[in-house]
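To keep things clear, I will list the structure first and then write my remarks on it.
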Amino acid sequence: ATLADPDQELRIAAIEALGRLQAEEALKPLEEFVRQGGPELEAAVHAASLLGVRGARQMGKIMQEVSPGLRSRIAAVLAKSNTGGALVVTAQSLLDEDPKVIEATARSLAMEVPAYSLAQRNALAKFLIESLHAKKIAPKSEAALLRVLSALHDAKADEIFWPRILPPYAGDVRAAAL
């Protein structure tokens, strides 16, 4: 099987094999599959995430350049990839301007929390807490950050939730803080 094989299933198998082999030279072709948004996207994003921080970072860069629909698909795969770098790249999508991307990312991250290692949970909690301390966050993003943080059951989060249950915070944010 090759990446150029006319059979879609064989292309996907080749992409998955490159990820398992951690073939860094495959990052460019994987990027192309992701940008095209075809049926190979999920396998290509997962394979890139297996290439370590460089692969996850590149997927994050692509997420900033593609349509909201592709951003949601990429974020969903990265959330399941079980690599620390990919989790933070995924969590950055909680700050996206598109509400559908924010919602899809929050749902993907929250669903995968039980599968994360302690180190992954800590890295994700650190990112979420730092993001919530930022000055200007859109209410949709703030509510999503809070929902994912609550799924982590992080003890340090209590001090973030309580002040947000009262006005002047938006209704979505107050509901998520409860």
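The values are calculated or read from the model by the stated rules, or taken from the named source; none is laboratory data. All of these numbers come straight from a predicted model, not from anything done at the bench. Cβ sites come from the backbone with ideal geometry, for glycine too, and all protein chains shown count toward neighbours. Side chains included, ligands, DNA and RNA excluded: accessible areas come from the protein's heavy atoms. Shrake-Rupley method; radii C 1.70, N 1.55, O 1.52, S 1.80 Å.
Exactly one residue among Leu95, Leu87 is within 17 Å of Ser131 (Cβ to Cβ), under 8 Å from the mean Cα position of the chain (by Cα) and among the hydrophobic types (A, V, I, L, M, F, W, C), and that residue is Leu87. Can you confirm whether region 137-150 contains a residue that is β-branched (Val, Ile, Thr), within 14 Å of the chain's Cα centre (by Cα), farther than 20 Å from Pro99 by Cα and open to solvent by less than 10 Å² (accessible area, probe 1.4 Å)? The answer is no, given that none of the residues of region 137-150 is β-branched (Val, Ile, Thr), within 14 Å of the chain's Cα centre (by Cα), farther than 20 Å from Pro99 by Cα and open to solvent by less than 10 Å² (accessible area, probe 1.4 Å). I'd like the full set of residues that are among the hydrophobic types (A, V, I, L, M, F, W, C), modelled with pLDDT of 90 or more and open to solvent by 30 Å² or more (accessible area, probe 1.4 Å), limited to region 116-126. Answer for region 116-126, where residues must be among the hydrophobic types (A, V, I, L, M, F, W, C), modelled with pLDDT of 90 or more and open to solvent by 30 Å² or more (accessible area, probe 1.4 Å): just Leu118. Residues of region 90-148 that are without any contact (Cβ under 8 Å) to a residue 12 or more places away in the chain, of a type in the set (Gly, Ala, Ser) and part of a helix (DSSP H, G or I): none at all.
Does Ala104 satisfy the condition of being of a type outside the set (D, E, K, R), over 16 Å from Glu16 (Cβ atoms) and open to solvent by less than 50 Å² (accessible area, probe 1.4 Å)? Answer is yes for this residue. Is it true that Ala110 is of a type in the set (Gly, Ala, Ser), touching a helix residue (DSSP H, G or I) at 6+ places or on another chain (Cβ under 6 Å) and crowded, with 20+ Cβ neighbours inside 10 Å? Against the criterion (of a type in the set (Gly, Ala, Ser), touching a helix residue (DSSP H, G or I) at 6+ places or on another chain (Cβ under 6 Å) and crowded, with 20+ Cβ neighbours inside 10 Å), Ala110 does not qualify. Looking across region 39-60, just one residue is farther than 15 Å from Glu25 by Cα, open to solvent by 20 Å² or more (accessible area, probe 1.4 Å) and outside any helix (DSSP H, G or I), and that is Pro39. Figure legend. Inter-residue proximity from region 151-178: first residues open to solvent by 30 Å² or more (accessible area, probe 1.4 Å), second residues assigned to a loop (DSSP other than H, G, I, E, B), beta-carbon distance below 9 Å, spacing 6+ or different chains. Indicated pairs: Pro163/Tyr169; Ile165/Leu178; Arg174/Leu166; Arg174/Pro167.
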